[in-house]
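Quick notes on the structure that follows.
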Ligand SMILES: CC(=O)N[C@H](C=O)[C@@H](O)[C@H](O)[C@H](O)COP(=O)(O)O
Ligand SMILES: C=C(OP(=O)(O)O)C(=O)O
């Protein structure tokens, strides 16, 4: 039986290393990136799968692509250069299995969806470019496979359509907040959209696919409850290609994984209590109640008789002071001596 998305994701933030087309069309580079994703601690290495004639019209393929990031004269030639064959995909999938990292891709058309389902990826990603591809989404929703759907370049109405449509077939899917600008200006990110998605779609997993510079915002998305984080990775940001500049080099990506794991531990629970790890500091600097003057046996303690100081040894916690006023001393005490409950008439 196919695993559910929640089984696949587990309890921790699920981190997707988006290799995309940062392999420059070279399978050995793609393998290096898969290995790097594993070594950096990612949960999944992701590619993009396109069937060119299914994704593009002939005119779009013929469009000249004059750009420093172009690998061909036309957009079609460029995309063909960067696209792996089905066989190469299977080789990469096998390699990922060998080294122990999940492998998947975004399906950029229905033919690619069929292919990915056939080769048994654990879940299919639908990228932002296809979030308004109602034909692909409906088809993907019908398949018995978990989906992770990004929502860049879409209105909230379209996002609600995606949610309603996929929900008619299954709840085995996640929506990722995403802004498809490379890099995304900080003021366009609107991380609070995560809250909107969590409130509007409470029964599915919500995550974030980031294209901003740096790692802080993606870690912040985890603090805001994102259960999936996807970032592009690259071996070198200076390489030719549209995605390299806002991708993370391996040391940055590794740092992001570390930060997310530390953040998960740090988010903890909604419980305020003194932690055992605080005791060392409390024993050194925590304040306890002491007498502010010499006092005689039989004296009733009133405001002004007590102080709260770092004392040696410490005694009754400073927060108890209001419970001590009105009590009678059963012994003589000295200034700066720590108050002990045995000094009080019970
Ligand atoms: C929306 C979408 O698909 N975005 C993808 C995922 O983030 C990108 O990787 C694009 O494939 C890439 O930026 C395209 O670059 P070019 O046009 O140079 O091949
Ligand atoms: C375009 C993609 O992703 P996103 O929209 O999350 O950037 C993708 O996964 O191919």
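Restricting attention to the range 266-282, which residues are under 23 Å from the mean Cα position of the chain (by Cα), without any contact (Cβ under 8 Å) to a residue 12 or more places away in the chain and outside any loop (DSSP other than H, G, I, E, B)? Hit for the range 266-282 is 266, nothing else.
Every condition in (1) within 13 Å of ligand 2 (Cβ to nearest atom); (2) free of Cβ contacts under 8 Å to residues at least 40 places away in the same chain is met by residue 191 except one, and the failing one is (1). The condition of being more than 30 Å from residue 28 (Cβ to Cβ) and either within 16 Å of ligand 2 (Cβ to nearest atom) or within 21 Å of the chain's Cα centre (by Cα) (or both) holds for only one of 256, 285, 263, that being 263.
Across the range 100-117, the qualifying residues are those that are within 16 Å of ligand 1 (Cβ to nearest atom) and in a strand (DSSP E or B), and the one among them that is farthest from residue 34 (Cα to Cα) is 107. For residue 138, state whether it is in contact with a helix residue (DSSP H, G or I) (Cβ under 9 Å, 6 or more places away or on another chain) and surrounded by fewer than 20 Cβ atoms within 10 Å (Cβ to Cβ). Yes: the conditions hold for residue 138.
Of the set (1) closer than 24 Å to residue 242 by Cα; (2) surrounded by 16 or more Cβ atoms within 10 Å (Cβ to Cβ); (3) in contact (Cβ under 8 Å) with a residue 24 or more places away in the chain, all apply to residue 86 but (2).
Taken over the range 41-66, the criterion of being under 23 Å from residue 231 (Cβ atoms) and either surrounded by fewer than 13 Cβ atoms within 10 Å (Cβ to Cβ) or without any contact (Cβ under 8 Å) to a residue 60 or more places away in the chain (or both) is satisfied by 43, 45, 47. Can you pull out every residue in the range 16-31 that is within 16 Å of ligand 1 (Cβ to nearest atom) and in contact with a helix residue (DSSP H, G or I) (Cβ under 8 Å, 6 or more places away or on another chain)? If the condition is that a residue be within 16 Å of ligand 1 (Cβ to nearest atom) and in contact with a helix residue (DSSP H, G or I) (Cβ under 8 Å, 6 or more places away or on another chain), then 17, 19, 21, 22, 23, 24, 25, 30 are the ones that fit. For the range 101-116, taking the residues that are away from ligand 2 (no atom under 13 Å from the Cβ) and in contact with a strand residue (DSSP E or B) (Cβ under 6 Å, 6 or more places away or on another chain), the one that is nearest to residue 8 (Cα to Cα) is identified as 102. Look at residue 73 and say whether it is surrounded by fewer than 16 Cβ atoms within 10 Å (Cβ to Cβ) and within 27 Å of residue 257 (Cβ to Cβ). Spelling it out, it is not the case that residue 73 is surrounded by fewer than 16 Cβ atoms within 10 Å (Cβ to Cβ) and within 27 Å of residue 257 (Cβ to Cβ).
Yes or no, residue by residue, for (1) more than 14 Å from ligand 1 (Cβ to nearest atom); (2) assigned to a helix (DSSP H, G or I):
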{"site": "33", "(1), (2)": "no, yes"}
{"site": "61", "(1), (2)": "no, yes"}
{"site": "76", "(1), (2)": "no, yes"}
{"site": "81", "(1), (2)": "no, yes"}
{"site": "84", "(1), (2)": "no, no"}
{"site": "88", "(1), (2)": "yes, yes"}
{"site": "95", "(1), (2)": "yes, yes"}
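Here residue 81 does not fit the description of being touching a helix residue (DSSP H, G or I) at 6+ places or on another chain (Cβ under 7 Å), away from ligand 2 (no atom under 16 Å from the Cβ) and touching a residue at least 40 places away in the same chain (Cβ under 8 Å). Scanning the range 1-31 for residues that are under 15 Å from residue 82 (Cα atoms), in contact with a strand residue (DSSP E or B) (Cβ under 7 Å, 6 or more places away or on another chain) and part of a loop (DSSP other than H, G, I, E, B) yields 21, 22. Which one is surrounded by the most Cβ atoms within 10 Å (Cβ to Cβ), of the residues in the range 327-346 that are touching a residue at least 40 places away in the same chain (Cβ under 8 Å) and outside any strand (DSSP E or B)? The residue in question is 339.
Taking the range 183-211 as the range and being buried (at least 20 other Cβ atoms within 10 Å of the Cβ) and in a loop (DSSP other than H, G, I, E, B) as the test, the residues that pass are 201, 204, 211. Within the option set 237, 245, being assigned to a loop (DSSP other than H, G, I, E, B), within 21 Å of residue 209 (Cβ to Cβ) and free of Cβ contacts under 8 Å to residues at least 24 places away in the same chain holds for one residue only, 237. Do the conditions hold for residue 12, that is, is it away from ligand 2 (no atom under 16 Å from the Cβ), within 26 Å of residue 206 (Cβ to Cβ), loosely packed, with under 15 Cβ neighbours inside 10 Å and within 30 Å of the chain's Cα centre (by Cα)? So residue 12 fits the description; yes. For the range 164-182, the tally of residues that are in contact with a helix residue (DSSP H, G or I) (Cβ under 8 Å, 6 or more places away or on another chain) and either under 18 Å from residue 228 (Cβ atoms) or assigned to a loop (DSSP other than H, G, I, E, B) (or both) stands at 11.
Values quoted throughout were computed directly from the atomic coordinates according to the rules given, and no laboratory measurement underlies them. Here the structure is a predicted model, which means the values were calculated and not measured. Backbone-built Cβ (ideal geometry, glycine too); neighbour counts: all protein chains shown.
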